[in-house]
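Here, each number is a calculation from the coordinates, and none is a lab measurement. Since this is a predicted model, take the numbers as computed values, not measurements. So basically every Cβ, Gly included, is an ideal-geometry build from the backbone, and we count neighbours across all protein chains shown.
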Amino acid sequence: MSTPIMSLKNVTMQFGGVKALDDVSIHVNKGEICALIGPNGAGKTTLLRACAGLLPINRGDARVLNCDLRLDRYAVRTKVGLLGHANGLFQDLTVAENMSFWSRLVGASAQDVAQAMSVMGLADRLSETRVANLSAGQRRRCALATLIVRRAQLWLLDEPHAGLDTQGRDELDRTLRSAREAGATVVFASHEIDRAQKLATRCLTVSGGVVSES
Amino acid sequence: MKSVTKSKVISAVLLKDLRIELRSRVLTNQVLPFAGLVLVMFAFALDNDDVLQRVAGGLVWLATLFSLFIIVQRSFAVDTTDGALDSLRVAGVDLSAVFFGKAIALAVKLVALDVVLVCGALLLYRVDLNLNGLVLLVTCVICATTGLGFVGTLYGGLTAGAKGRETLLPLLLLPVVAPVLIAATRATEAAFGSGGAQTSEGWAWIGLLTVFAAVFGVGGSLAFGPLIDE
């Protein structure tokens, strides 16, 4: 039987008079790659940020990695990895220095860092390259490597393919499949239906704050 | 995974900020020349040795405050450019430790700046400095920069995501750092012996600087997390 890692029941989120999420009920199981497909403004980012404990939930029940988001939305933050449109990297530092910074913050060993960089193909000459000098795809890989170092059990990715060329997108898809094989669960938002359907093991459609199975 | 203590987070953030500074050289290539120019321009504007010797302490600290705005904005720009500050928040990192790490890094940069500014004042304004004055001055610089580091980091975090932060930061910060400007100026004047001031007169002002640093150290560590989080 599959293990539910993320469970939302009748979740409603409202900003002012606008409902960003309307009575959303979804379950994501361990090891899934789940795509949230929908147009801009559909509520995908709100859903991801709420699951990362960044936004308070107005109504409904939400449990992510055994943390009740209604009671304590801060507890889940150390367990999930949220990657938005930005990469969360320091431009003036090298890839290795960025990784080292994150490893010190989360208590990861040098071995963990080396492994994460190896998985993301950053262990060669790229490790000593400043982030500012990397391509968009390489930066994305570096950002994902920080999620591995942090041992994030649930990856929440907001438009991970944005800004990447075709080669970068294919590379990212391979990376996410590898992460899944390594035990991570991935939930990503996208408005590119074809690519999302190829990558995901399950697709959900988000429209006007309402989530439904595709 | 090993457990992460607050001191480890502080040292990681401190080293990261100093490493970025060493690499980008914003302090040495932009802030120091700017602060030096401020001292020179004041010398041109006042153009009177007696007046310059009398106001040397105030000019050093005014130049420090003007430079503080640039350093604080730069300190948070490196964290917000690619969403790194947001990532720290999302990752559940102890934000009060981030506050202390950034504040100490800011204070270290301000100390380096003040060493150059004091040397500039000694050269340009021809003020005197004896051993007792030097001890007072060093204490004053350490206490004042610590307080400025705390308050600069707190207000830098507050304005980091705000629209028009370039103008908002000086507007919010200047009134708050007025006590530092007054106390550090009086203590520096006592150290320089400006206007016949005695060195011993400066120590009372050090007390005020210490209280300011303590208040913003404690207050900042409590407020920084919620401010960044909201």
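At-a-glance table
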item: Approximate spin-label separation residue B:172-residue B:7, in nm, with each point projected 7 Å along Cα-to-Cβ; result: 3.2
item: Cα gyration tensor category, rounded, prolate or oblate, for the range B:1-60 with a/c compared to 1.5; result: oblate
item: Chain B: angle of helix B:165-176 to the longest principal axis, Cα-based, in degrees nearest 10; result: 60
item: Charge tally in the Cβ shell below 15 Å around residue A:24, where Lys, Arg are +1 and Asp, Glu are -1, residue A:24 excluded; result: +3
item: Gyration tensor (alpha-carbon) shape descriptor, the range B:7-229, a/c threshold 1.5; result: prolate
item: Student exercise, chain B dipole from Lys, Arg, Asp, Glu Cβ charges, in Debye to nearest 20; result: 640
item: Helix A:95-106 axis, angle to chain A major axis (alpha carbon atoms, nearest 10°); result: 50
item: Fluctuation leader among B:133, B:92, B:202 - chain B, Gaussian network, Cα springs under 10 angstrom; result: B:92
item: Inter-label distance, nm, simple model (7 Å from Cα along the C-beta direction), residue A:71/residue A:182; result: 3.2
item: On Cα atoms only, tilt of B:32-46 relative to the major axis of chain B in degrees; result: 30
item: Dipole of the range B:81-208 [Lys/Arg +1, Asp/Glu -1 at C-beta], most positive-end residue of B:187, B:164, B:111; result: B:164
item: Cβ-placed point charges (K, R +1; D, E -1), dipole of the protein assembly as shown about Cα centre in debye, nearest 20; result: 1080
item: Selected from A:51, A:67, A:142 as most flexible by GNM, with chain A as the system and alpha-carbon contacts under 10 Å; result: A:67
item: Trypsin sites (Lys or Arg not before Pro) within the range A:1-92, DSSP loop, no more than 16 other Cβ atoms inside 10 Å; result: A:30, A:70
item: Entries in A:30/B:16; B:8/B:163; B:6/B:102; A:30/A:79; A:9/A:79; B:8/B:102 that, when Cα-Cα distance is taken, lie over 23 Å; result: A:30/B:16; B:8/B:163
item: Relative contact order of the range A:153-214, defined on C-alpha pairs under 8 angstrom at six or more residues apart (%); result: 35
